[in-house]
Amino acid sequence: MKDLLFQTLSKKNRLLILGVGLFLVLVYFIPIWAISISAPQYPEGLGMQIWINQITGATPYDLKNINLLNHYIGMKEIISESIPELLFMPYVLAYLIIGAFITELVPKVGMAILGIINLVIVGLVGLFDFWRWEYNYGHNLNPDAPIIIEGMAYQPPLLGCKVMLNITACSYPSYGGMILASSLVLLVYIVWDEKRRKKSNVV
Amino acid sequence: MLKKSNIIVVTLGIALFAFLPNCKKGAATATLASDAASRVYVAPGEKDEVYAFLSGGFSGQMSVYGIPSARLFKIIPVFSVFPENGYGFDEETKDMLKTTHGYVPWDDSHHVEASMTDGKQDGRWMFLNANNTPRLARIDLKSFETKEILEIPNTAGNHASPFATENTEYLMAATRFSVPVPQSNVSIDSFSKGGFKGTVTMVKVDKNTGRLSIELQVLVPGFDYDLSHCGKKKSHDWCFFSSYNSEQAHKMLEVGASKKDKDFILAFNWVRAKECKDQGKTYNFGGEYVNNFKEENKPAVSTKLSGVKMLNPKDCPGMMYYMPTPKSPHGTDVDSTGEYIVGGGKLASVIPVHSFSKMIEVKDKKEHHSTEIEGIPVLKYESTLAGEVQKPCLGPLHTEFDGQGYAYTSCFVSSEVVKWKLGTWEVVQHLPAYYSVGHLSIVGGSSTEPYGKYLIAMNKITKDRYLPVGMELPQSAQLYDISSGKAELLSDFPTVGEPHYSQMIPAKLIMDKTAKLFPLEENKHPYATKSENDARIVKLGNTTHIYMTAIRSHFKPDIIEARTGETLYFHVTNLEQDYDIPHGFAIGGAPNMTNLLIMPGETRTFKWVALKPGIYPFYCTDFCSALHQEMQQYIRVSP
Ligand SMILES: [Cu+2]
């Protein structure tokens with residue numbers, strides 16, 4: 001195990017790590033997660049996108065319209081400023097990217113494993129935080145809201161689709177999320193590949 | 001059904017049957033193809049293939065239908081007030097109806113013209129004439145709203161209008177009723193002595209903005225100029241105007257204006273006219289007129305203008321020629337190639353067709369002139385004639401073209417549409433019309449590239465076609481499929497007002513370009529309120545400006561205090577940025593003002609005078625959300 005940790009990455013795998021680092025830079029420019037909403041009155045749908053540092057509508061007016069609909073059930077207004085996580089998420093991503101570049105200087109398998117651990121932690125904490133965020137929005141409703149339905153909460157699904165009153169909300173990773181997931185897969189592949197290489201070296 | 005239509009025909013006199021050797025009468029041929037219903041059926045949620053823009057006749061509006069379903073989508077207010085959305089009432093649009101005669105909230109609109117680029121419909125604007133108080137309007141097809149109205153001076157009865165040149169360089173507008181120009185109190189007898197005049201007006205259309213302006217007017221002999229169409233391709237430089245009453249009768253025109261065997265189609269070279277203007281051959285002439293322009297999401301600006309450049313035909317040789325045309329021509333239509341000019345001699349027994357190339361060939365050869373009227377050479381009938389459609393029908397009026405070498409002519413008296421072939425002048429089909437058809441329209445039929453699939457006939461009478469609804473029955477349009485060799489009647493549908501003419505445009509040219517909302521950040525209305533935080537009440541002496549916002553489902557401010565005698569301006573901005581979410585605004589018992597319908601991101605103003613102490617509710621009139629009924633508040637008026 002220790003041997004593996006300190007094993008120098010192959011040239012190919014170093015390039016792949018560099019690729020992962022550059023790949024991750026893209027996450028600054030595309031949304032990570034997307035929630036789409038459809039209802040009979042919204043045949044064209046409404047959408048919300050979560051970026052590394054902001055929340056936007058799928059069109060310039062969608063977020064405004066989602067908030068307009070939400071005000072009936074007393075949900076707080078969704079605005080980027082109300083989500084402090086968005087303030088430090090860019091730094092977390094920067095940390096991951098820098099990690100990839102440092103690996104180029106210290107090309108050890110252990111660094112790739114560290115990358116996997118980092119990504120998994122970021123992913124799990126991120127998902128938990130997202131769930132918590134959804135929970136708070138869906139449950140902390142204004143008691144003076146025009147529409148109050150006993151026992152009804154409006155927490156969107158973490159992953160998948162859910163029907164809430166007349167609205168179907170679907171939540172899926174967007175391109176940025178897919179990049180994060182594929183980065184993880186790539187890193188796992190690199191470690192697996194290094195392990196296989198080590199074995200063949202031994203033989 | 002069969003019986004009644006036979007009665008109608010019989011009442012026209014049996015002698016007239018002689019003109020119709022091949023024509024089966026009336027409803028007898030109304031065998032609907034069994035699949036016609038499925039061909040006009042547009043399944044729920046599906047879209048129509050074509051937009052039809054119909055003039056509103058004496059309603060002064062324009063209506064928008066889907067074809068083939070014939071569903072009415074919208075009425076666009078143009079020349080008449082419209083209580084549904086406050087057009088002509090509110091502070092933003094009331095100036096649209098200003099004229100030199102003051103505020104004129106009604107008109108009679110006959111002809112719809114589509115903007116064109118290179119002779120093809122471009123889906124940018126529609127133009128509409130006002131016949132009664134001569135005006136011309138531009139409707140923007142991005143918002144389906146009237147953006148501009150231009151009054152035409154020195155004219156009466158703006159009927160031959162607004163017909164566009166091939167690239168919409170100009171719109172033509174000509175006098176239906178000749179009058180003294182300039183207006184004066186003269187004996188009506190002097191009409192017969194040449195005391196009355198007509199004018200042809202060239203209205204310039206700005207290529208990019210669509211803004212309208214008068215380029216020049218041509219003073220023409222005092223006939224009644226009825227309709228127009230402009231040339232295409234080789235005849236690009238020319239527009240053609242039909243005329244009647246070349247007799248210059250001034251009483252009992254029914255008889256007096258129907259004496260001569262031939263009246264005229266006036267061929268007008270507008271490129272030459274512009275040339276003469278540039279050479280300084282025009283002179284300054286009076287004439288007050290008004291231009292009303294409504295910039296997007298701003299109050300209309302009404303500008304008084306005065307004077308035009310006037311041109312006399314004798315000062316500009318080569319500009320105008322008269323082509324004799326039997327008998328009291330109504331329509332004058334140019335085919336898609338630009339070669340044939342078809343006259344609709346409403347009392348003639350033939351459909352005369354002039355050849356543009358022949359006209360060009362003979363126009364300046366003296367031996368082909370019969371005479372000259374006030375500087376305009378009269379060409380000999382035979383010299384420009386391409387052919388005549390013999391005994392086509394009774395009362396041919398208007399002709400449109402399918403781009404496949406066929407022409408369709410509406411016939412008012414025999415109540416039918418005849419299909420005939422250009423070049424051979426043979427009638428190939430008679431299509432009954434129910435009843436008394438005026439204009440007809442083919443999709444793109446007046447452009448160089450007809451889309452050709454559908455034809456509608458616009459009928460004046462609908463006796464026995466629909467359930468009776470009192471004495472005034474609806475007018476109707478009749479839809480035919482003309483895509484195959486034999487045209488087939490698909491359906492008929494009642495229409496708003498009396499549609500005179502229409503332009504039909506393939507839906508794909510327009511549907512994706514229409515605006516969904518006014519972006520709030522671009523709202524430049526002087527009284528806009530872009531956020532609820534800015535909603536406020538500003539008192540200036542006895543006038544109060546209420547900067548109000550509307551959003552689902554409340555107004556802000558919601559309680560208004562006023563004193564008797566105070567004038568209140570409610571400047572309501574709809575804060576929504578969602579497609580199809582307008583809010584309405586009405587105040588109980590408000591005199592002189594109906595309703596506002598405010599589009600998302602738009603600001604409109606409701607003027608209200610607090611006359612009597614009391615509590616006055618105001619509310620949203622457009623069902624905007626589940627809490628629409630709660631979108632109501634109060635004005636308190638104290639002594
Ligand atoms: Cu409302």
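Bear in mind these aren't lab numbers, they're just calculated from the coordinates by the rules spelled out. Nothing here was measured: the structure is a model prediction, and the numbers come from that model. No Cβ is skipped: glycine too gets one built from the backbone with ideal geometry, and neighbour counts run over all protein chains shown.
Divided by 2.2 N^0.38 Å, where N counts the residues, the Cα radius of gyration of chain B comes to 1.02. If a/c stays under 1.5 just call it rounded; otherwise compare a/b with b/c (prolate if a/b is bigger, oblate if not). Do that for the stretch B:249-349, with a ≥ b ≥ c from the square roots of the Cα gyration tensor eigenvalues. Prolate. From largest to smallest, the equivalent ellipsoid semi-axes obtained for the stretch B:160-265 from the alpha-carbon gyration tensor read 29, 17, 9 Å.
Distance from the alpha carbon centroid of the stretch B:529-559 to that of the stretch B:462-511 works out to 46 angstrom. Calculate the length of the line joining the C-alpha centroid of the stretch A:22-55 to that of the stretch B:598-621, in whole Å. Measuring centre to centre over Cα atoms gives 39 Å. Restricted to Cα atoms, the protein assembly as shown shows a radius of gyration and a Dmax of 35.0, 122 angstrom.
Taken over the stretch A:1-201, lysine pairs spaced eight or more positions apart, or on distinct chains, with alpha carbons under 17 Å apart number 14. Each other residue within a Cβ distance under 9 Å of residue B:288 adds +1 if Lys or Arg and -1 if Asp or Glu, for a net charge of 0.
Per residue, what volume in Å³ does the Cα convex hull of the stretch B:437-479 take up?
Details: hull volume 2.7 nm³, N = 43.
Residue-normalised Cα hull volume stands at 63 Å³.
Counting Cβ atoms of other protein chains within 10 Å of each residue's Cβ and taking the mean over peptide A:125-133 gives 0.
Compared with the alpha-carbon gap, the fully stretched path from residue B:106 to residue B:192 is longer by 27.8 nm at 0.36 nm per residue. Here the residues B:289, B:65, ranked from fewest to most Cβ neighbours within 10 Å of their Cβ, fall in the order B:289, B:65. Across q = 0.13, 0.15, 0.28 Å⁻¹, the stretch B:141-202 modelled as identical point scatterers on its alpha-carbon atoms has Debye log10 I(q)/I(0) values of -0.46, -0.57, -1.16, in the order of the q list. Figure legend: label point modelled 7 angstrom from the Cα of residue B:301 along Cα→Cβ; residues of the stretch B:498-526 with amide N under 20 Å from it are B:522-526. When the charge dipole of chain A is built from unit charges on Cβ atoms (+1 for Lys and Arg, -1 for Asp and Glu) and taken about the Cα centre, the candidate among A:100, A:120, A:34 whose Cα reaches farthest toward its positive end is A:100. If you plug the beta carbon distance of residue B:539 and residue B:283 into 1/(1 + (r/R0)^6) with R0 = 56 Å, you get a FRET efficiency near 0.55.
Ordering B:425, B:125, A:192 by the number of other Cβ atoms within 10 Å of each residue's own Cβ, fewest first, gives A:192, B:425, B:125. Place a point 7 Å from the Cα of residue B:73 along the Cα-to-Cβ direction; which residues of the stretch B:454-474 have their backbone N under 19 Å from it? Zone members listed by number: B:454-457.
With R₀ fixed at 25 Å, the C-beta to C-beta distance from residue B:207 to residue B:275 puts the FRET efficiency at about 0.80. Separation of the stretch A:79-141 and the stretch B:184-241, taken as the distance between their Cα centroids, equals 74 angstrom.
For the set B:274/B:453; B:193/B:327; B:197/B:262, the pairs lying more than 27 angstrom apart at their alpha carbons are B:274/B:453.
Among the listed pairs B:298/B:539; B:204/B:251; B:47/B:98; B:74/B:309; B:147/B:508; B:294/B:460, a Cα-Cα separation exceeding 27 Å is found for B:204/B:251; B:47/B:98; B:74/B:309; B:294/B:460. Placing R0 at 30 angstrom, the Cβ-Cβ distance between residue A:28 and residue A:163 gives a FRET efficiency of 0.30 after rounding to 0.05.
Which of the peptides A:130-137, B:393-400, A:142-149 is most tightly packed, and how do the rest follow, judged by the mean count of other Cβ atoms within 10 Å per residue?
In decreasing order of mean packing, A:130-137, B:393-400, A:142-149 become B:393-400, A:130-137, A:142-149.
Computed from Cα positions, the angle between helix B:2-11 and the longest principal axis of chain B comes to roughly 60 degrees. In this label model, residue A:39 and residue B:467 are separated by 3.6 nm, measuring between points 7 Å along each Cα→Cβ vector. Placing pseudo-labels 7 Å out from each Cα toward the beta carbon at residue B:372 and residue B:611 gives an inter-label distance of 6.5 nm. Look at the stretch A:57-70: the mean tally of other chain Cβ atoms within 10 Å of its residues' Cβ atoms is 3.
Between the amide H of residue B:378 and those of B:322, B:370, B:371, B:372, B:373, distances stay under 5 Å, these residues lying 5 or more places away or on another chain, with hydrogens modeled in the peptide plane.
Shown for the stretch B:520-637 is the translational diffusion coefficient from the Stokes-Einstein equation, using the Kirkwood radius over Cα pairs, a temperature of 4 °C and a viscosity of 1.567 mPa s: 92 µm²/s.
Going by average Cβ density within 10 Å per residue, which order do the peptides B:544-555, A:57-68 take, highest to lowest?
Numbers: B:544-555: 22.2, A:57-68: 18.9.
Highest-to-lowest ranking by the protection proxy: B:544-555, A:57-68.
Which whole-number percent of Cα pairs in the stretch A:1-201 have a distance greater than 27 Å? Roughly 41 percent, rounded to a whole number.
In this label model, residue A:10 and residue A:140 are separated by 5.1 nm, measuring between points 7 Å along each Cα→Cβ vector.
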